[in-house]
Amino acid sequence: RLYDVFDQQVAFIDLSQLPAGAKAESVKAVLEQTLKASLETIARARALLILDNAEHVLPAVGKVVQDLLGGGQQLQLLLTSRQELGYRHERKLRLHGLLLEDATELFIQISPVIENLSDPGEKAALKRLYKHLEGWPLIIELTASRREAFDSLQALEANLEQALLEASASPDDPTISPRELTLNTTLDWSAHLLE
């Protein structure tokens, strides 16, 4: 929908390939290679650049962003990151999880066990899981992939809920956000189910 607004200049740049702590030169190289243009040319373009997975190279991205946005007034950047860049003109948009029906569809699609959602107990367990997992697609996929380790959704939900309760009662790091705690706990819970 934005192609016409940006004269067909919309580009997606995946930064996940860069190692953690990469320097600004590496970020610049990825941009120039993906867009087949110099940083100076990119900075003057009427374009939208989507820089995905930036948190592990945020300081380097910050330097490149300053160079890019200092070179022109028509370039727009959309950055996906769990942390703020700290740029003075930055606007933050917090993304929310999936809606219940979308989360349910994803869970059933990923789960190796077909759910009997006509059973009220199983349906209620899936709703409680949705609430625990806050609609995060990654955590829903991870949890759904562990479904076959349990007799029912109710057993899976109770087991995960216990892990979440224990983690929130004594977090290792008091500065960790509730969302990060949920993610970390679910990853740990999943790892404990492995053989």
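The values are calculated or read from the model by the stated rules, or taken from the named source; none is laboratory data. Model, not experiment: these values are computed from the prediction. A quick note on method: Cβ atoms are made from the backbone with ideal geometry, for glycine too, and the neighbour counts reach across all protein chains shown. Note: accessible area is taken over every heavy atom of the protein model, side chains too, but ligands, DNA and RNA are not part of it. Shrake-Rupley method; radii C 1.70, N 1.55, O 1.52, S 1.80 Å.
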If you go through the stretch 40-53 one residue at a time, how many are in a strand (DSSP E or B) and surrounded by fewer than 16 Cβ atoms within 10 Å (Cβ to Cβ)?
-> 2
Condition test on Ser118, is it farther than 22 Å from Glu195 by Cα and among the polar types (S, T, N, Q)?
-> yes
Checking Ala37 against (1) surrounded by fewer than 15 Cβ atoms within 10 Å (Cβ to Cβ); (2) free of Cβ contacts under 8 Å to residues at least 12 places away in the same chain, which single condition isn't satisfied?
-> (1)
When both residues are 6+ apart or on different chains and their Cβ atoms are under 9 Å apart, which pairs have a first residue that lies in the stretch 101-129 and is at positive phi and modelled with pLDDT under 90, and a second that is open to solvent by 40 Å² or more (accessible area, probe 1.4 Å) and in a helix (DSSP H, G or I)?
-> none
Within the stretch 1-30, restricting to residues that are outside any helix (DSSP H, G or I) and among the β-branched types (Val, Ile, Thr), the one that is surrounded by the fewest Cβ atoms within 10 Å (Cβ to Cβ) is Val5
Positions within the stretch 59-89 being assigned to a loop (DSSP other than H, G, I, E, B) and modelled with pLDDT of 85 or more, in sequence order = Leu75, Thr80
Say whether the condition of being among the hydrophobic types (A, V, I, L, M, F, W, C) and either within 28 Å of Ser118 (Cβ to Cβ) or modelled with pLDDT of 85 or more (or both) is met by at least one residue in the stretch 165-188.
-> no
If you go through the stretch 90-132 one residue at a time, how many are within 30 Å of Leu77 (Cβ to Cβ), open to solvent by 40 Å² or more (accessible area, probe 1.4 Å) and touching an Asp or Glu at 6+ places or on another chain (Cβ under 7 Å)?
-> 2
Pair list, Cβ < 8 Å and 6+ apart or interchain, from the stretch 134-161 residues that are within 19 Å of Ile114 (Cα to Cα) to residues that are among the charged types (D, E, K, R) and modelled with pLDDT of 85 or more | Ser152/Glu122; Leu153/Glu122; Leu153/Arg147; Gln154/Glu122; Leu156/Arg146; Leu156/Arg147; Glu157/Arg128
